[in-house]
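These notes concern the structure reproduced below.
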């Protein structure tokens, strides 16, 4: 993979204003506008989640009851699911219920979907949070080290290793790490979960590490090349000549101007990773919403599938919002439009 | 390399550059020489123009004055740069820290990438004010406002909180000049400070540099390839070609009465001096490539006056052709008449 990742929304520094130009837009205003946009996107996610389930082949009612149900039973369930009215009305009912905190009820267990999310979602959120933290903790020092320590062979080794990391499929990495850490060394639990911090970290660090095997190569490469680009910039020389103290220099002249693309990329990658939690939660038998989704799809438990797709969608929207905001705080050149 | 030393009067010289040789050590035995026997003074309170084509070594000379040659993997191989009793060609990184910025300020080449993009204008100025100096945050803030005012930024209180990308190129360059002034240096080095700015803004920046010189009696070194731009503001000129100084002297002497064929050719190529309707003169050939310098005078291949004796021996040293005017042409005495 080449290192030419999209460099976020960094403007080409050509935006000019005259001396009497407008005052800069306050940060909170930019953040508010970006959040407003995210809410609109989240609404479309609802539309998609709603439509997907209705466009999928098979009828939820016959799937739930089987072929031999009496017409009365079918009609009763249709009413119960609210499928006896036209789709537009169904949609607005669904949106209305959502604003009331109601995502429907599982066809199988009769448990409200929101209840299921309450127990399952934290597991997934912890996994995502831990993945982000570990990725940053590994990627940033790694990229900084490779970029600043000028050992000629190092970048080649770095590129080769990261290419290998990128090429490995995460389910394979999961199985290999599980085998090594869980069975051979016995330092990680093979399956199971225990809610509550910090006990849950014991069960989550290995799945998070699997995510890191994919994320660290991408992020450290992007950060590495951003740092190299930054070091070539003239303002770095200005800082050297000014005699800026080394810790200030490192943050304001090296790391901070380089971080924005990495942060934006990480937030988008995490959106992708939400999908891969489905696989990881299955392999590691974690009771997160990813595994719940697999079960629900297999069982044709439509309200649950619809609810979880919605939550996944909102999660992706929220993560990219967060990434953009953090990036724009780090680097004011990043546009929040 | 020349062995004859130039004799400038050392009385008011702030920096004396003698026989400076700069190059890149490619392998143990292979050196690429970029600048070879640069010889000139920077005098107190003068604006000195350093003129030359790309590859003439002017930027390298400039970098050697602020100790950032290493960033371009170049090294000083010989010569001295005497400044305040120190030889800048030999001091180590630790001592450089007390000279750079503090004693010799620097205005970067590109207004677009010179200021730090992630810091506010005020933040950068406060940083510059506080570097190597114990000042309180409040003091530094006040000083930063003064500096913005000094470089004629309107509404400094607004600009203070702005980021560089919100300012125009000319304003950014003013800010960079303010930042260079923040540490009260003796010399300000400006390496092509008007690159990428439009002509009116260029003129304003030049005017500002002249004002600063007058107000603080600072020395300003102005590096440029544009003779027309800088001979308006400079007191003295150093013309560089092929890694050496070919002519040194006051603006009047060098620009109006050039005694080196290269300077004569540069002057003829000036568009604003060309008679209307006449063909614009250009300089024949290309500047000699680094490391491919001909023997003898490095301009001889392009020179219309070249004689056989120009093509032999080492590169000719600077010789005083009239008081305060040096030329590296061995036939300089004949050129006085030729250029009339």
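For residue A:90 and residue A:39, what does the FRET efficiency come to when R0 = 22 Å and r is the distance between their Cβ atoms, rounded to the nearest 0.05?
The pair residue A:90/residue A:39 has a calculated efficiency of 0.50.
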Completion exercise
Fewest-first ordering of B:320, B:93 by Cβ atoms within 10 Å yields B:93, B:320
Exercise for the section: Taking the Cβ of each residue in A:140, A:88, B:205 as the centre, tally the other Cβ atoms inside 10 Å and list the residues starting with the fewest. Expected result: A:88, A:140, B:205
Completion exercise
The value for the stretch A:189-308 (convex hull of the alpha-carbon atoms, volume per residue, Å³) is 135 Å³
Problem - the stretch A:74-193 - Rg (one decimal) and Dmax (whole number), Cα, Å - result: 24.0, 73
Practice task
Per DSSP H run of at least 4 residues, take -39500 (n - 2.57); add these up for the protein assembly as shown, divide by its residues and hand me the 222 nm value, nearest 500 deg cm²/dmol.
Solution key: -15500 deg cm²/dmol
Handout entry: GNM flexibility winner over chain B from B:18, B:143, B:28 (Cα, springs under 10 Å)
Key = B:28
Practice task
Go ahead and run the numbers for FRET between residue B:72 and residue A:159, Cβ-Cβ distance against an R0 of 30 Å, rounding to 0.05.
Solution key: 0.75
Exercise for the section: Return, ordered by residue number, the residues of the stretch B:313-327 whose backbone nitrogen is under 18 Å from a label point located 7 Å along Cα→Cβ of residue B:256. Expected result: B:321-326
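Hey, got the average number of other protein chain Cβ atoms within 10 angstrom for residues in B:94-105?
2
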Handout entry: Translational diffusion of chain A, µm² s⁻¹ [Kirkwood Rh, Cα pairs; Stokes-Einstein; 20 °C; 1.002 mPa s]
Key = 94 µm²/s
Fill in the blank from the handout: For B:297, A:212, ascending order of other Cβ atoms within 10 Å (fewest first) is A:212, B:297
Practice task
Would you please put A:166-176, B:252-262 in order of how densely packed they are, using the mean number of other Cβ atoms within 10 angstrom per residue and starting with the highest?
Solution key: B:252-262, A:166-176
Practice task
Kindly rank B:159-169, B:69-79, B:279-289 from highest to lowest mean number of other beta carbons found within 10 Å of each residue.
Solution key: B:159-169, B:69-79, B:279-289
Problem - Principal-axis tilt of helix A:201-232 within chain A, Cα atoms, nearest 10 degrees - result: 40 degrees
Practice task
Sort out for me the Cα centre separation of the stretch A:281-330 from the stretch A:188-220, rounded to whole Å.
Solution key: 17 Å
Fill in the blank from the handout: chain A, Gaussian network, Cα under 10 Å: of A:256, A:300, A:242, the residue fluctuating most is A:242
Practice task
Output the Cα-based Rg and Dmax of the stretch B:110-184 in Å, rounding Rg to one decimal and Dmax to a whole number.
Solution key: 11.0, 32
Handout entry: Average beta carbon contacts from partner chains per residue of A:240-250, 10 Å cutoff
Key = 6
Practice task
Could you work out which residue, out of A:55, A:130, A:178, moves most in a Gaussian network model of chain A, that is, has the largest mean-square fluctuation with Cα springs under 10 Å?
Solution key: A:55
Handout entry: Debye log10 I(q)/I(0) at q = 0.05 Å⁻¹ for the protein assembly as shown, Cα point scatterers
Key = -0.38
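Every number in this text was worked out from the coordinates using simple rules, so none of it is lab data. As the structure is a prediction and not an experimental result, all values here were calculated from the model. When we count neighbours, we look across all protein chains shown, and the Cβ atoms used for this are built from the backbone with ideal geometry, even at glycine.
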